[in-house]
There are 2 protein chains.
Amino acid sequence: MRVMGVDPGLTRCGIALVESGNGRQVTALDVDVVRTPSDMDLAERLLAVYTAACHWLDVHQPDVVAIERVFAQNQVSTAMGTAQAGGVIALAAGQRNIPVRFHTPSEVKAAVTGSGRADKAQVTTMVTRILGMQTKPRPADAADALALAICHCWRGPMIERMAAAQCKADEMARIHKQRVAAARAGRTTGDEGRSA
Amino acid sequence: MRVMGVDPGLTRCGIALVESGNGRQVTALDVDVVRTPSDMDLAERLLAVYTAACHWLDVHQPDVVAIERVFAQNQVSTAMGTAQAGGVIALAAGQRNIPVRFHTPSEVKAAVTGSGRADKAQVTTMVTRILGMQTKPRPADAADALALAICHCWRGPMIERMAAAQCKADEMARIHKQRVAAARAGRTTGDEGRSA
């Protein structure tokens with residue numbers, strides 16, 4: 001499975017491509033950081049991020065795009081730009097029918113370091129080790145994008161299986177409910193038949 | 001000037017087209033609300049909003065797109081989706097070289113009702129009156145999109161003039177600073193000349 005990991009942002013947007021193999025084997029295929037100057041028009045910044053994402057999607061054709069889920073609580077001043085950058089990347093994937101999945105920062109940290117509260121340095125160190133890289137990926141946004149892709153390689157299949165199981169359980173519950181309702185309706189009709 | 005006003009959102013996204021005439025004269029040309037179901041994939045919802053925005057931009061060719069500025073503080077649960085919807089609309093405008101401007105909710109309320117703290121009903125009433133509409137625009141998102149477009153029709157030209165004036169003042173200040181620095185450097189060189 002080829003996963004494109006995205007640490008969204010306007011000033012710096014980390015994009016990475018990781019391929020999963022047997023078990024927990026993962027290989028980094030590419031990583032880059034897209035930058036746009038903060039004095040640029042918002043629409044132009046979004047266009048630059050979108051164009052870069054389109055290029056990556058067309059060149060690498062990932063099976064899934066994993067984006068960091070942004071929370072409004074963190075860093076109010078940049079959260080909106082981060083959400084907008086993530087939005088145009090999700091759009092680019094949607095236009096190509098590539099599924100988009102979101103992971104929270106703590107899920108990503110827990111996946112690569114074992115702790116949901118690891119700091120940036122720990123994430124970078126573990127990403128370097130997991131991918132067997134000669135040098136640490138820089139800046140932190142590049143490491144975060146790689147971590148996100150690794151997180152999806154490891155957690156994604158399980159999440160999909162759980163979602164499928166949940167879907168099946170919902171369907172079974174629906175059928176069961178229908179049967180109960182039908183049985184009740186039958187009994188009610190039967191009662192009415194008797195009382196008439 | 002033709003202004004496309006946007007009240008961004010994923011569940012309901014208000015889009016309106018208003019044309020400004022002499023003085024404060026404004027005419028509503030079109031208004032609509034784009035809806036996407038909340039159980040739809042985020043990428044698909046963004047694609048639906050983006051496609052609708054592209055259609056509006058291509059059909060109506062507005063001079064400027066005015067989008068409500070979202071703050072992370074308000075309604076944390078929906079703020080991210082709102083920012084993402086605004087982001088893909090700004091992207092659609094950017095792809096067509098149409099300038100995008102942002103107004104805060106209180107600026108919009110102040111422009112159409114005279115009070116930055118007016119409620120939704122007051123905004124709807126004033127929008128209906130200003131545009132001389134027979135019936136109140138429904139839902140509130142449609143009225144908000146119209147209010148946003150009116151706000152830009154009235155405030156936009158002034159904001160552009162102020163920005164141009166600020167730009168000119170910054171340029172003058174830069175030149176003045178250069179001259180002072182040059183004069184000081186000249187004096188220092190002169191002093192050195194004397195002391196040598």
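The values are calculated or read from the model by the stated rules, or taken from the named source; none is laboratory data. Please read these numbers as outputs of a predicted model, since none were measured by experiment. Reconstructed Cβ throughout: ideal geometry from the backbone, glycine too, with neighbour counts over all protein chains shown. For accessibility, only protein heavy atoms count, side chains too; no ligands or nucleic acids. Shrake-Rupley method; radii C 1.70, N 1.55, O 1.52, S 1.80 Å.
Key figures
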{"item": "Options A:Arg69, A:Arg45: the member that is touching a strand residue (DSSP E or B) at 6+ places or on another chain (Cβ under 7 Å) and in contact (Cβ under 8 Å) with a residue 24 or more places away in the chain", "result": "A:Arg69"}
{"item": "Selected residue [more than 21 Å from the chain's Cα centre (by Cα) and exposed (fewer than 10 other Cβ atoms within 10 Å of the Cβ)] from B:Thr135, B:Thr125", "result": "B:Thr135"}
{"item": "Some residue of region B:51-61 being buried (at least 23 other Cβ atoms within 10 Å of the Cβ) and closer than 27 Å to A:Phe102 by Cβ", "result": "yes"}
{"item": "Single unsatisfied condition, A:Leu148 versus (1) closer than 16 Å to A:Asp63 by Cβ; (2) within 14 Å of chain B (Cβ to nearest Cβ)", "result": "(2)"}
{"item": "Residues satisfying the stated conditions in region A:83-106, i.e. of a type in the set (S, T, N, Q) and buried (at least 24 other Cβ atoms within 10 Å of the Cβ)", "result": "A:Gln84"}
{"item": "Among residues of region A:97-129, those that are more than 14 Å from chain B (Cβ to nearest Cβ) and at positive phi, counted", "result": "1"}
{"item": "Subset of region B:143-184 that is of a type in the set (Gly, Ala, Ser) and under 16 Å from the mean Cα position of the chain (by Cα) - its residue that is surrounded by the fewest Cβ atoms within 10 Å (Cβ to Cβ)", "result": "B:Ala163"}
{"item": "Out of A:Gly81, A:Gly87, A:Gly94, sole residue that is out of contact with any Phe, Trp or Tyr (no Cβ under 7 Å at 6 or more places or on another chain), within 9 Å of another protein chain (Cβ to nearest Cβ) and under 26 Å from A:Ala121 (Cβ atoms)", "result": "A:Gly81"}
{"item": "Region A:30-50: number of residues that are closer than 21 Å to A:Ala90 by Cβ and open to solvent by 70 Å² or more (accessible area, probe 1.4 Å)", "result": "3"}
